[in-house]
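Peer 1: Please find one structure pasted underneath; my questions will follow.
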Amino acid sequence: MWKNATDEEMRELAQMVRLRYYKPNACTYMLMRIINYTNVCVAQCDYCAFYTLPGGEGGYVLTQEQVFAKIDELIALGGDLVGFNGGFNPALALEYYCDLFRAVRERYGDKMEFYALTIAEFMYLADHAKLDYATTARRFKDAGVRWITGGGSEILTEDFRRRHSKFKYTVAQYFEAQRAIVEAGLNTSATMVIGFDETIEERIEHLERTRQFQDEVGGLGSFLCWTFKPYFTPLGDQLGGIEISTSEYLRHLALSRIYLDNVPRIRTSVLTQNERALEGLLYGADDFDLPIEDEVTQKAGATISLQFDKILAFARSLGYEPTYRSVARSRSAPVPAA
């Protein structure tokens with residue numbers, strides 16, 4: 001039925017689901033930074049413009065002091081959320097991560113919060129350390145980690161992963177790892193990237209698997225969808241460097257809000273859609289980031305604006321009143337509906 005629905009019908013249905021969780025004009029946002037702690041990776045995904053292979057030119061690993069400097073800069077701007085994202089770097093042992101996250105927690109306490117890695121990185125580290133997922137999750141929790149995000153999912157079908165990220169893990173392994181993260185008492189989220197060469201059926205399969213996981217396991221506090229930035233990537237060269245339109249993204253955002261009515265928070269991507277991402281609030285989204293850095297996406301063509309007042313003003317022009325959402329202080333409880 002949804003395939004034949006007009007955009008207006010999709011918007012109306014998405015807003016009906018949104019109203020179960022939030023007041024009509026309410027939305028939240030965060031000021032955050034992605035810290036890319038290394039660019040060395042052996043996954044070789046063809047949609048990535050960021051990585052270099054071990055021994056390659058320009059490879060780096062950040063020191064703790066370099067990480068602290070990036071966090072301090074974010075806090076000075078008024079932000080309090082950091083996400084860590086790098087890659088599958090075989091030179092980094094599990095202790096590098098545990099030491100780093102423990103040091104961040106000890107230095108900043110509850111002054112800021114951090115999302116430690118993506119699930120894909122978590123899986124690689126567990127295998128690299130020859131540990132099961134449950135043990136690895138406990139190690140991170142002991143190091144002060146509270147969040148491991150749903151990143152590295154892209155499109156959760158086996159065909160997609162065989163086509164584009166054959167050295168990553170299977171869909172079944174992905175959800176096995178995420179279950180272990182939830183069962184260890186850590187927070188997690190769901191993510192999705194669209195605009196590769198995936199079919200509509202593959203997008204639906206991703207949403208269906210996410211919905212089933214939430215029904216069976218729970219623990220997904222939010223769902224974030226963003227769009228593939230194709231520039232300077234092998235896959236982008238094959239596709240001619242064409243991005244999907246914002247209208248297609250918004251329609252998928254509405255479908256996600258409708259389909260994932262068991263996930264409280266649907267987030268729209270300022271990082272990949274810039275100011276127009278705020279139109280996603282009309283299509284069922286209720287939350288967004290104001291990012292100051294994400295080298296992975298920037299390398300593939302994303303642009304970041306630090307004109308936060310202008311972005312927030314656009315949200316207000318659409319009829320929404322954005323409220324800052326501090327993960328560090330509030331643990332991000334949903335806004336109750338009227």
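The values are calculated or read from the model by the stated rules, or taken from the named source; none is laboratory data. Everything quoted here is computed from the prediction, not taken from an experiment. Note: ideal-geometry Cβ built from the backbone for every residue, glycine included; neighbour counts use all protein chains shown. Side chains are part of the model used for accessible areas, which takes the heavy atoms of the whole protein and leaves out ligands, DNA and RNA. Shrake-Rupley method; radii C 1.70, N 1.55, O 1.52, S 1.80 Å.
Peer 1: Report the full-extension gain for the segment D159 to D215: residue separation times 0.36 nm, less the Cα-Cα distance, to one decimal in nm. Let's see the in-between values first.
Peer 2: On the way: separation 56, 0.36 × 56 = 20.16 nm, distance 2.42 nm.
Contour length minus Cα-Cα distance gives 17.7 nm.
Peer 1: Here is a follow-up. Averaged across orientations, what area in nm² does the convex hull of the alpha carbons in segment 1-129 project? Each step should come with its number before you reach the end.
Peer 2: On the way: hull surface 48.3 nm².
Seen from a random direction, the Cα hull of segment 1-129 projects 12.1 nm² on average.
Peer 1: Let me ask you something else. Under a plain spin-label model, where a point goes 7 Å from the Cα along Cα-to-Cβ, how far apart in nm are E183 and N274?
Peer 2: 4.6 nm
Peer 1: Same structure, new question: Round to a whole number: what % of the accessible area of segment 195-328 belongs to carbon and sulfur, probe 1.4 Å? Show your work: numbers first, answer last.
Peer 2: Details: 2530 of 4990 Å².
Carbon and sulfur atoms account for 51 percent of the accessible area of segment 195-328.
Peer 1: Return the whole-Å distance between the Cα centroid of segment 139-154 and the Cα centroid of segment 225-294.
Peer 2: For segment 139-154 versus segment 225-294, the Cα centre distance is 22 Å.
Peer 1: Right, something else. With +1 on each Lys and Arg Cβ and -1 on each Asp and Glu Cβ, and nothing else charged, work out how big the dipole of segment 109-168 is about its Cα centre, in Debye to the nearest 20.
Peer 2: The calculation lands at about 140 debye.
Peer 1: How about segment 1-76: which trypsin sites (Lys or Arg not before Pro) there are in a DSSP loop, with at most 13 other Cβ atoms within 10 Å of their Cβ?
Peer 2: Working: sites: K3, R11, R18, R20, R33, K70; in loops: R20.
Those that pass, being in a loop and sparsely packed, are R20.
Peer 1: How big is Rg to Rh over segment 237-290, alpha-carbon atoms, Rh as the Kirkwood inverse-mean-distance radius?
Peer 2: Working: Rg = 12.0 Å, Rh = 11.7 Å.
Rounded to two decimals, Rg over Rh is 1.03.
Peer 1: On to the next question. Roughly to the nearest percent, how much of the accessible area of segment 45-123 is carbon and sulfur, given a 1.4 Å probe? Before the final figure, lay out each step's value.
Peer 2: Values: 1610 of 3100 Å².
Result for segment 45-123: 52 percent of the exposed heavy-atom area is carbon or sulfur.
Peer 1: So, one more: Give me a comma-separated list of calculated 3J(HN,Hα) values for segment 219-234, in order, Karplus coefficients 6.51, -1.76, 1.60 applied at θ = phi - 60°, integers in Hz, x for any Gly or Pro.
Peer 2: So the Karplus estimates, Gly and Pro as x, are x, 8, x, 7, 10, 10, 10, 9, 10, 5, 9, x, 6, 6, 10, x Hz.
Peer 1: Here's something else I'd like to know. State the answer as a single residue: which of G284, L235, L19 lies farthest towards the positive end of the charge dipole of the chain, with beta carbon charges of +1 for Lys and Arg and -1 for Asp and Glu, about the Cα centre.
Peer 2: Positive-end residue among those listed: L19.
Peer 1: Taking θ as phi - 60°, what are the ³J(HN,Hα) couplings along segment 207-218 by the Karplus curve (6.51, -1.76, 1.60), each to the nearest whole Hz, with x for Gly and Pro?
Peer 2: Listing the rounded values in order: 5, 5, 5, 5, 4, 4, 4, 5, 5, 8, 10, x Hz.
Peer 1: GNM on the chain, C-alpha springs below 10 Å: top fluctuator among E12, E121, E57?
Peer 2: So, out of E12, E121, E57, the one fluctuating most is E57.
Peer 1: Quote the Stokes-Einstein diffusion coefficient, in whole µm² s⁻¹, for segment 230-338, based on the Kirkwood radius over alpha carbon pairs, a temperature of 25 °C and a viscosity of 0.890 mPa s.
Peer 2: 159 µm²/s
Peer 1: Next up: Keeping every protein chain present and rolling a 1.4 Å probe, give me the accessible area per residue for the chain in Å².
Peer 2: Details: 13890 Å² over 338 residues.
So the chain comes to 41 Å² accessible per residue, rounded to a whole number.
Peer 1: Placing +1 at every Lys and Arg Cβ and -1 at every Asp and Glu Cβ, with all other atoms neutral, what dipole size does segment 249-338 have around its Cα centre, in debye to the nearest 20? Write down the numbers at each step before the final one.
Peer 2: Details: 11 positive and 11 negative charges, 36 e Å.
Around 180 debye, computed over segment 249-338.
Peer 1: Of the DSSP beta bridges with both residues in the chain, give the percent that are antiparallel, rounding to the nearest 5. Don't skip to the end; give the middle numbers.
Peer 2: Working: 1 of 32 bridges.
Among the beta bridges of the chain, antiparallel pairing accounts for roughly 5 percent.
Peer 1: Could you state the number of Å between the C-alpha centres of segment 56-79 and segment 1-52?
Peer 2: Here the answer is 25 Å between Cα centres.
Peer 1: Let me ask something else. Quick one: which residues, 5 or more positions from Y115 or on another chain, have an amide H under 5 Å from its amide H? H modelled 1.01 Å from N in the peptide plane, none for Pro or chain starts.
Peer 2: V82, G83, F84
Peer 1: Only Lys, Arg, Asp and Glu count, each charged at its Cβ (+1, +1, -1, -1), so figure out the dipole size of the chain about its Cα centre, rounded to 20 debye.
Peer 2: Working: 37 positive and 46 negative charges, 143 e Å.
The calculation lands at about 680 debye.
Peer 1: Another question about this same structure. Over the chain, what per residue volume does the convex hull of the Cα atoms give, in whole Å³? Before the final figure, lay out the partial values.
Peer 2: Details: hull volume 42.5 nm³, N = 338.
In the chain, the Cα hull volume divided by residue count equals 126 Å³.
Peer 1: Let me ask something else. Please give the residues of segment 1-27, grouped as numeric ranges, whose backbone N is less than 19 Å from a label point set 7 Å along the Cα-to-Cβ vector of I204.
Peer 2: What the label zone holds, given the 19 Å backbone N cut-off, is 1-7, 9-11, 13-14.
Peer 1: By how many nm would the segment from A134 to E248 grow when fully extended, if each residue of separation counts as 0.36 nm and the alpha-carbon distance is taken off?
Peer 2: Extending this stretch completely gives an extra 37.2 nm.
Peer 1: Compute the relative contact order of the chain as a whole-number percentage, counting only Cα pairs closer than 8 Å that sit 6 or more residues apart in sequence.
Peer 2: Working: 631 pairs, mean separation 88.5, N = 338.
Result for the chain is 26 percent.
Peer 1: Calculate, for Q44 and D197, the FRET efficiency according to 1/(1 + (r/R0)^6) with r their C-beta to C-beta distance and R0 22 Å; round to the nearest 0.05. If you can, show how the numbers build up before the last one.
Peer 2: On the way: r = 17 Å, r/R0 = 0.79.
Calculated transfer efficiency: 0.80.
Peer 1: Stretch D142-Q307 to full length: gain in nm at 0.36 nm per residue minus the Cα-Cα span? Spell out each step's value before the answer.
Peer 2: Numbers: separation 165, 0.36 × 165 = 59.40 nm, distance 3.78 nm.
Working it through step by step, the gained length comes to 55.6 nm.
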